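The values are calculated or read from the model by the stated rules, or taken from the named source; none is laboratory data. These figures come from a predicted structure and were not determined experimentally. Cβ placement follows ideal geometry from the backbone for every residue including glycine, while neighbour counts extend to all protein chains displayed. Ligands, DNA and RNA are excluded from the accessible area calculation, which covers all protein heavy atoms including side chains. Shrake-Rupley method; radii C 1.70, N 1.55, O 1.52, S 1.80 Å.
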Amino acid sequence: MTRTTPRFAVLGTAGHIDHGKTALVRLLTGTDTDRLKEEKARGISIDLGFAHLDLPGGISCGVVEVPGHERSVKNMLAGACGVDAMLLVIAADEGVMPQTREHLDILDLLGVRRGVVALTKTDLVEPDWLDLAVESVREYLEERGFGSFPILPVSARTGEGKEALLVALAEVLGELEERPGERFARLPVDRAFVVEGFGTVVTGTLWQGVIRPADRLVVEPGHVETRVRNVQVHGESVGAALAGQRTAVALAGVPREAVPRGHWLLTPGALTPSHMIDVRLRVLADAPKGLRHRQRVRFHLGASEVLGRVALLEGDAMAPGETAFAQIRLEEVVVADRGDRFVLRSYSPARAVAGGKVILPVAPKRRRGHPSTIEELRREESGSLEDRVLAALDGLAHGGGPAEGARGAGLAPGTAWGALAVLVADGRAMQVEETLLVSGRVLRHLVDGAASILEQVQGDNPLRWGMSRGELKSRLGVK
């Protein structure tokens, strides 16, 4: 496949506490990402930090520096969403530690399969020890399926190894494909604050689409409509923020409290918040325990964390390393899209145990173990575009238009016309009006229902000849 080199990318750090992530980012970018007073006083990162890095080859890179403490994994997950590659930081004097493992698990579940290892604090060890550290890390990465990651020794104190690390990062990020810019705008909010003269400003990595000044957008959950006052990328005002860029957006008429971390900035009507989503679930191979049906979990999607329960659809339990269909039933609504990756952490103690992909972002309550449930989810997971749009129409009791068909199939608004035309041409759907279509299954249900109603009315009133169209529509529940 031909790859195009993007002009920008997002790099996320990962690694154990006190392995030198903040110092390394400062060496590479000149930015101190510890912005909180408590972080400076304690010498450890607590929340997300952000910096900008220009790499060889003309790549403009946003860097997300995540905290390494086990109590800050929630914040780490908020920063890890939307990164293109990881900078895995491992101290040469300590090697692989618990949060190294959990961070790598999380990035694996999120589908981040590209990265570079920075073996830091090399000035604290002898050359023979450094060689042993490199081999130990290489062996660990190969066991986990990350053997292609280059390992670069570097010292944030002396600067030794900096240039080689920058070259390696440019090579890895230069292989990335560009993100979809033609889809609707979607930005997970990881920070919100007030700037004098601009009002409420939100920041995040633009997952897809384009955001421009004067655009009409919506904050979800909550459906708070707003207008974009200003857009900045790396501190500079721009005419458009593109997919893959770290972006700051000034919003008109929105209080800061309406856009907490975990909310989304979206094109209006693009996605529907939901309490239930269907997923393909994978339990980590090295998870201490498997998952039980109805187990309470912490569901992480984008920058959000929501409590919920796992409804296993193919059994009562999943062992480490297993995959299966499941439904996540949440205590608050989430804003998901088909194909989104998510992470599940156990409720207590909070540890990453599983993750996977969203199949249906707005799902009905499923019957566990029922063949039709599994068949439908298999079709939704791997069926053709036409199959998915037809399934969306099947769920509309009185038909719908391209917007409903696109939304139900996990597509951008206006992109279902081609699939609908195929369905109409081969008789699997009927176009009743210009923007009203019904699937064959729904049409048969309506026809059978109408026949049953007419038969009943005629039987109850043998001297009456038929019934009015309005009465029939009312009894069918058709508007």
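Values for this structure:
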| item | result |
| --- | --- |
| Filter result for D278 (over 21 Å from the mean Cα position of the chain (by Cα), of a type in the set (D, E) and within 29 Å of R351 (Cα to Cα)) | no |
| Residue in the stretch 136-181 that is surrounded by the most Cβ atoms within 10 Å (Cβ to Cβ), counting only those that are more than 21 Å from L24 (Cβ to Cβ) and charged (D, E, K, R) | R179 |
| Only listed residue being at pLDDT 90 or above, open to solvent by less than 10 Å² (accessible area, probe 1.4 Å) and of a type outside the set (A, V, I, L, M), chosen from D105, D131 | D105 |
| Residue in the stretch 318-326 that is surrounded by 18 or more Cβ atoms within 10 Å (Cβ to Cβ) and within 17 Å of the chain's Cα centre (by Cα) present | no |
| Candidate set from the stretch 272-290 (those that are assigned to a strand (DSSP E or B) and open to solvent by 40 Å² or more (accessible area, probe 1.4 Å)); member that is nearest to E220 (Cα to Cα) | H275 |
| Condition met for F193 (part of a loop (DSSP other than H, G, I, E, B), touching a strand residue (DSSP E or B) at 6+ places or on another chain (Cβ under 8 Å) and closer than 19 Å to H263 by Cβ) | no |
| Single match in A164, A170 (criterion: more than 26 Å from A336 (Cβ to Cβ) and modelled with pLDDT of 95 or more) | A164 |
| Selection status of R329, at pLDDT below 95 and open to solvent by 10 Å² or more (accessible area, probe 1.4 Å) | no |
| Tally of residues being buried (at least 19 other Cβ atoms within 10 Å of the Cβ) and farther than 19 Å from K74 by Cα across the stretch 191-201 | 2 |
| When residues of the stretch 136-190 are limited to those that are among the charged types (D, E, K, R) and touching a Leu at 6+ places or on another chain (Cβ under 7 Å), the one farthest from L119 (Cα to Cα) | R186 |
| Top-ranked residue in the stretch 427-460 [being open to solvent by less than 70 Å² (accessible area, probe 1.4 Å), β-branched (V, I, T) and more than 33 Å from the chain's Cα centre (by Cα); ranked as farthest from S474 (Cα to Cα)] | V457 |
| Residue identified as at pLDDT below 80, surrounded by fewer than 16 Cβ atoms within 10 Å (Cβ to Cβ) and under 19 Å from L360 (Cβ atoms) among A403, A409 | A403 |
| Matching residues in the stretch 374-389 - criterion: being open to solvent by less than 50 Å² (accessible area, probe 1.4 Å), of a type in the set (G, A, S) and modelled with pLDDT of 80 or more | none |
| V96 in contact (Cβ under 8 Å) with a residue 40 or more places away in the chain and open to solvent by 20 Å² or more (accessible area, probe 1.4 Å) | yes |
| The one condition in (1) within 26 Å of P221 (Cα to Cα); (2) out of contact with any Pro (no Cβ under 8 Å at 6 or more places or on another chain); (3) open to solvent by less than 10 Å² (accessible area, probe 1.4 Å) that R296 fails to fulfil | (3) |
| Entirely in the stretch 309-427, the helices (runs of 4 or more DSSP H) that have 2 or more residues that are within 18 Å of I277 (Cβ to Cβ) | 371-382, 385-394, 402-408 |
| Some residue of the stretch 123-145 being among the acidic types (D, E) and touching a Lys or Arg at 6+ places or on another chain (Cβ under 6 Å) | yes |
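One line per residue, one yes/no per condition, for (1) under 30 Å from L423 (Cβ atoms); (2) under 17 Å from the mean Cα position of the chain (by Cα); (3) among the aliphatic types (A, V, I, L, M):
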site	(1), (2), (3)
A303	no, yes, yes
L312	no, no, yes
D337	yes, yes, no
R341	yes, yes, no
P349	no, no, no
E376	yes, no, no
R379	yes, no, no
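A quick yes/no check of all residues on (1) crowded, with 20+ Cβ neighbours inside 10 Å; (2) of a type in the set (K, R):
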site: P188; (1), (2): yes, no
site: V218; (1), (2): no, no
site: V231; (1), (2): yes, no
site: S237; (1), (2): no, no
site: A240; (1), (2): no, no
site: R246; (1), (2): yes, yes
site: P255; (1), (2): no, no
site: L265; (1), (2): yes, no
site: P268; (1), (2): no, no
